[in-house]
Each structure stands twice: as C-alpha cells, then as structure tokens.
1. Quick one: which strands (runs of 3 or more DSSP E) lie wholly within segment A:22-105 and hold at least 2 residues that are over 29 Å from residue A:188 (Cβ atoms)?
2. Looking at A:232, A:134, can you tell me which residue is under 23 Å from residue A:284 (Cα atoms) and out of contact with any strand residue (DSSP E or B) (no Cβ under 6 Å at 6 or more places or on another chain)?
3. Could you please find all residues in segment A:186-206 being in contact with a helix residue (DSSP H, G or I) (Cβ under 7 Å, 6 or more places away or on another chain) and either more than 14 Å from chain B (Cβ to nearest Cβ) or assigned to a helix (DSSP H, G or I) (or both)?
4. Name the residue that is farthest from residue A:237 (Cα to Cα), counting only residues in segment A:164-185 that are in contact with a helix residue (DSSP H, G or I) (Cβ under 7 Å, 6 or more places away or on another chain) and in a helix (DSSP H, G or I).
5. Output the helices (runs of 4 or more DSSP H) that fall wholly within segment B:210-298 and possess 1 or more residues being farther than 21 Å from residue B:52 by Cα, within 14 Å of chain A (Cβ to nearest Cβ) and modelled with pLDDT under 90, or say none.
6. Quick check on this structure: which one of A:183, A:174, A:170 is under 16 Å from residue A:116 (Cα atoms), within 14 Å of another protein chain (Cβ to nearest Cβ) and either in contact (Cβ under 8 Å) with a residue 12 or more places away in the chain or buried (at least 23 other Cβ atoms within 10 Å of the Cβ) (or both)?
7. Hey, can you tell me all the residues within segment A:227-244 that are touching a helix residue (DSSP H, G or I) at 6+ places or on another chain (Cβ under 6 Å) and either outside any loop (DSSP other than H, G, I, E, B) or buried (at least 19 other Cβ atoms within 10 Å of the Cβ) (or both)?
8. If I ask for residues that are closer than 26 Å to residue A:286 by Cβ, touching a helix residue (DSSP H, G or I) at 6+ places or on another chain (Cβ under 6 Å) and more than 14 Å from chain B (Cβ to nearest Cβ), which ones from segment A:61-102 would you list?
C-alpha cells in the first residue's frame, strides 16, 4: 500500500514536471487490472510506461473479462483492457469496433492463448497412451468423479464462462459420456485451479479443461490431450464455440486471439500511447517464465513489473522510442 | 526519496522475509494436505454419501410427491393452511420457471447444513453457557468465523477435500453456525437463577436441570438462533457454488459473469422463497410449541 502511495506522489511530480504538451493530450487513463496474473503483469507494465514515458495519469482499476468488456462498450470505461481474450466476447467487441466505441491496438500475446483438455505430466510419464483421447477413453475408470465413484469426471470450464460452451460441445463431440465421463462444474476459476492443485499435491489422476499462459500451467506440468483431429478453425468458430451448435464435431482448440483493446476516445486522444500499446506484445514462453517467477516469489503485479522492466530491457525498449525509454529508465532508477 | 527514514515510511518487514514466511506456511499446508488429505477425506465419506443420497432422492422422486411431502411437513409444523398454500404456490412457480432441479439440490444441501449446524451448535452453546472459560475461548473463534472472507478458507478446503458438496457444506456450516451457538449460550444464561435454585431444591440432577428447565426456557432464544443460521446458510449458497456445489447458486454465478439480470433475479427469488419457507415454518413451529410459556391459556 505504501508503495502505491509513493508511486502516486512520484507520478504527480512526474506529471507536473513533464512538458504540458505530452501530459495534456493523454490525461487520465484507466487500465483494467484483470484478476489473473499475466493480465495483472501487463496492466502494471502499461501503467508504469504510460505514466512515466507518456505523462499519462494512469491508474489501475479492477477488472474481469466480461464486466470490463461490457463496460468498455457501454460506458467507455476503463480506457484500456491490456489482455482481453477476445473469443470470449467476440460479438460485443466486433459491435464495439463497428460502432467506433472500441479500437483494437494489437495482439497482447503474439502466439495467442492456448486452450485444451489436459492431463498431468506424471500420468503421461507412467502411461504415454494418456496423451491421446483414445488412451483416456480406455482408462476412463482412473478419473474418478468427485461425487459419484461409479462415474468418471471431466473438469470443465466454470459456469458462465465462454469456454464452458466450447468445452461442453467438445465433450459431446468426443462422446465422452459413452465412456462414463460426466461434466464436473468447478464453479469458478479458483475452484478449477484448486482442484488441479489438489490432484498434483497427491499425484491423483485429473482430466479437464485449462488454458495458458497461466501460472497454473507454469507451475503444474500438464500435457495437452491430442484429439487426433487437428485444428478445424472454421468448425470451431462457427459451431464449437457457439451455444446453438447442434452437431458439434471434434477439433483441437485453435490458438485464441488475445488482444489489447482500448476505447476509441483514448486512441484518438493519445495516439502516441496507443502506438506503444499496438507494439507491446509478449511471447508465451517469456510470459510463462515471468509467471513462474511471480509464483516463486509470491509477487504481485507491481513487483513483477519492476522485475520485468529491470531485467528484460531488450524486450520492452523496442516498444517505445528512445526518448520514452530514457524517461522510463529514469523513473525505474528511482524505485 | 533517498532520505527515507522510519519517520516517513512505516518500518515494514523486509520483503524477502515476508515471502519466506508466506511460502513456508503455504508449503507446510501443502505437505499437510498431501499426507493427511486422503484420511480426512475418508472421514467425510459418510457425509458425502448421505448428501448424494438425499439429493438423488429429491431429484428422482416425482415432483408432486416431493411437493406433497414438503406441504405435509409445513402443515405439520405450523398447522396453518395459509402458510401451506403460500408454500405450494411458491414451489409451483419455481417449477414452472424451470428451477425445480436446482431448488431441490439447494434444499438438500441446506437441510443437511442446518441439521449439522444445530447438532454441533447447540451442544457448543451449552458448553459455552456452563463455563466462562469456554466462552472466552469460543467467542473470538466465532468472530473469526463470521468475518473471515469465505474465499480465504474455501480454497484451502478445496485443496484438502477437492471440489463439490463436502467442502461446500463445510464452508456453509463455518459461516452459518455462529448464531445458533451464540443464542443458545445467551438463552441459557438468561434463565432466572431463582428458577434454577428451585429446581435444585427439588433435587434435580444437573442433567435434569439442563434438559427440563434451562433448555425449555431458553427455547425461544435458541429458535431465533436457528432461524438466523438457516438464513445465513441460504445466503452462502452462491459462495458455495463457486467451489462446484450444484444448485441455485450456479445460475446466479452464471448470470453475474454474463449480465443475465433476469436469470439472476429469478434464481435469487427462488433462494428467497426457500428462505422464507424455512423461516416461517420454523418460527410457526417454535411459536406453537412454546404457547404454554405465555400463561398456558390457549395451549
């Protein structure tokens, strides 16, 4: 808490001392600090660079995919969603862009996000056949349902998330119910990761949906189950990800688009800051590394931001001009 | 910034040591859950079996039979036709709006939570009333249980027992049990000393004094506690659904993430209807059984 206050005091000084031209066109900027680690890291990096490099009065506000996306379209607030998994609210974003309320700055994760059905590495080490869906079918009895010992459990995506639809459709397409599997709704993201943590603590079997880059997949090594179908992107977009899909077919998850989205008002008000956001993109491998560092040090977004800016200048300096990089480095030295 | 002293900046613990403490405790908990998790899970197996059985019973029986049983219970407890009719209408509406299954799931888990809270809470309350030392130990624990944000203990419980009904019941009971304990204690302590002396003078044993004098006289207060417990258990339904407890909480969560306001409202109202049913029935039952306390003119 004290740290934030110091940042705030420092930022007031910074705003006062930077030339009026830079500060005035950017103004007050709100950045959605999503409730998962990678997004929080990116949000903190954006805040620091916008504040010290572009003289914006940048501020973090708590966020989550659905509420933040909806609020940006409807109310024009917050200004920036640094890591938005746009598949999950594709329609709203498309509409927002068409109505000139939103502008897409670019990819936040250059390789895209990775989704799939996973099993723990320790199970595959013992039985390599479990890396394929046929192997899992054959050993369905291993994956006990938490409430009904006669059934097998597949941990699906929490209720209300968009991935619940795609995971449910794939579950149907793969006809997992015929092998005795039943969908287990973990209720929330925390419930799902808690179930994974429990399975890993005791090396129990686990089979379910998850996504990367996440601290969970950085920390608990898992293997993505091969459906043997390859990726049918068209099928995925038109049917698998839609609740009205009558006859889902098997396809692997295509890499999902993870973008930085801003409000149109911010993009027109601060073109230079917007240009930075359109260049700022992370590679999954690097992000996993940072997330693992975060987990090991139990660091929050603020601390991992400092670690990132100090230890990986070659990653972030190309995103900004030399002049801005100088300002950011100066502010970093004062931390 | 360079001249920081303890006067301008709170002398906080060094980050490294703080992290060491946090990691140390986390790892200790992880080791604990690794070595004891399975045996603790086995302890709760009978509870899980009962929960699954009750839910299946409510779900597989024909709806009219369940409704008839509920109304019979309501009438038996309250002897009020108006209340029974209200319950029938509420449940018919719930069924008509497609929330019957979730309502049955919620009802089964809430019934178990309430019974468990009473079975554990009343004896603890009695112990608290009989010994000041017990009270001074239990009161701060109750304060923690009522104010600690549920997620703080929810996820550790998930790590220990997995997701689903049992951790859900534990979370609900932790949150909902304090009123019944507090009010049992209060009710017994409020019983007149003279009445107790009179009972002692008639040669009543401590057990007879408790069962025959203190508990009956404390009953109105205890019933108020049980009521509060039921209400709090129902309000925890949504939180419990965050760790995979099926029922009315899940659609509420779903509506929060997707801004389906009407769906949230309907399911919220179904929770309210359940709460009012439980509340009115238990209150009417209490009033009916305690009528003799008011001079016994209409018993």
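1. A:28-34, A:57-63
2. Details: A:134 fails: under 23 Å from residue A:284 (Cα atoms).
Exactly one residue qualifies, and that residue is A:232.
3. A:190, A:191, A:193, A:194, A:195, A:196, A:197, A:198, A:201
4. Among residues in segment A:164-185 that are in contact with a helix residue (DSSP H, G or I) (Cβ under 7 Å, 6 or more places away or on another chain) and in a helix (DSSP H, G or I), the one farthest from residue A:237 (Cα to Cα) is A:179.
5. On the way: elements: B:215-235, B:237-241, B:249-258, B:261-289.
By residue number, B:249-258, B:261-289.
6. Checking each option against the conditions leaves just A:183.
7. Selection gives A:227, A:240, A:241.
8. Listed by number, the residues that qualify are A:79, A:81, A:82, A:83, A:86, A:93.
The values are calculated or read from the model by the stated rules, or taken from the named source; none is laboratory data. From a predicted model like this one, the values you see are computed outputs, not experimental measurements. So basically every Cβ, Gly included, is an ideal-geometry build from the backbone, and we count neighbours across all protein chains shown.
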